[in-house]
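Have a look at the structure below, then the notes.
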Amino acid sequence: MARYTGSKCKFCRREGKKLFLKGDRCFTDRCGYERRPYPPGVHGQGRVKFTEYGIQLREKQKVKRMYGLDENQFRLFFARASRLKGISGENLLSLLERRIDNVVYRLGFVNSRQQARQAVKHAHFLLNGKKVSIPSALVKKGDEITIKEKSRTIPSFVESIQAIGRKEIPRWLNVDPTTFKGVVTDLPVRSDITADVEERLIVELYSK
C-alpha cells in the first residue's frame, strides 16, 4: 500500500491548524505551521472561499490525516461506525481513538501517531500478553498494552517513558511507566476527544 513520505507540516498548513503529526517538534519554534501558517503552494497566501462541499471535505481530510489513514481505511471505519447504535460521527471518533497505534500514542509510549504506527508494525508491543503488529487493531475495555521487554531499552521508548509525567493521559486510559504497561479502563466517548473536530460535517459529506 502506498504511503505518503513527504512533509507532514504541509498537512497542517493545508488544513489551517496544527494536527500534531511530528510529536514534540510541533511544540517548538521549528514547527512548520508556526513559521508559515498558510496553505502550501504558490497561491497559498491568496484568499480562498470554500463551498459547503469544500468545508465538509476539509474536515474529513483533517481527521483522516490526524489519524494517519488513507481514503479506503477511513471509509471502512466510517461504514463500521454507521452500523453501530448511536451517533455515527461520535462512533467514528471513538473507533479511531481505539486503534492500537493511537492508544500507544495516547499512553505516551511514543511521540507521534506515525511513530506509534511504525512501532506497532515492528511488533514492539504486546496486547494482553500477545504480540500485535496490526496498527488498526481495536482495543476494548480491560485490554493491557505492554512494551516488549527486549524493546524497553530502545532510546526513543526510554525518552518517551521518562516524559510521561509531563503528558496528559486521557481519562479512559491508565499507564504505569515503571512496568511499561497501559490499561484501557473504559471506552472513549465524545467528551474525551479534545481535538477541534466537527464530525457532523464528515457525516454530511458521506451522506450525499
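Out of residues 5 or more away from K181 or on other chains, whose amide H comes under 5 Å of its own, with H placed 1.01 Å from N in the peptide plane?
Long-range HN contacts for K181: D176.
Taking a 26 Å limit on the Cα-Cα distance, which of the listed pairs K121/K141; K62/K130; K141/K208; K64/K141 fall beyond it?
Details: K121/K141 22 Å; K62/K130 33 Å; K141/K208 34 Å; K64/K141 24 Å.
The pairs that break the limit, which is 26 Å between Cα atoms, are K62/K130; K141/K208.
From the phi angles alone, apply the Karplus equation (6.51, -1.76, 1.60; θ = phi - 60°) to the stretch 67-79 and give each ³J(HN,Hα) in whole Hz, x where the residue is Gly or Pro.
9, x, 9, 8, 4, 5, 4, 5, 4, 5, 5, 5, 4
Provide K148, K85 in ascending order of the number of other Cβ atoms located within 10 Å of each residue's Cβ, fewest first.
Exposure proxy ranking, most exposed first: K85, K148.
Give the order of V158, V184, V110, V132 when sorted by the count of other beta carbons within 10 angstrom, beginning with the fewest.
On the way: V158 11, V184 22, V110 25, V132 19.
Ranked by crowding around the Cβ, least crowded first: V158, V132, V184, V110.
Give me R65, R113, R152 sorted ascending by neighbouring Cβ count inside 10 Å, so fewest comes first.
Ranking R65, R113, R152 by Cβ neighbours within 10 Å, fewest first, gives R152, R65, R113.
Can you run the Rg to Rh ratio on the stretch 99-184? Use alpha carbon positions and the Kirkwood inverse-distance Rh.
Across the stretch 99-184, the Cα-based Rg/Rh ratio is 0.90.
Here, each number is a calculation from the coordinates, and none is a lab measurement. What you are looking at is a predicted structure, and each value in this text was computed from that prediction instead of being measured. Reconstructed Cβ throughout: ideal geometry from the backbone, glycine too, with neighbour counts over all protein chains shown.
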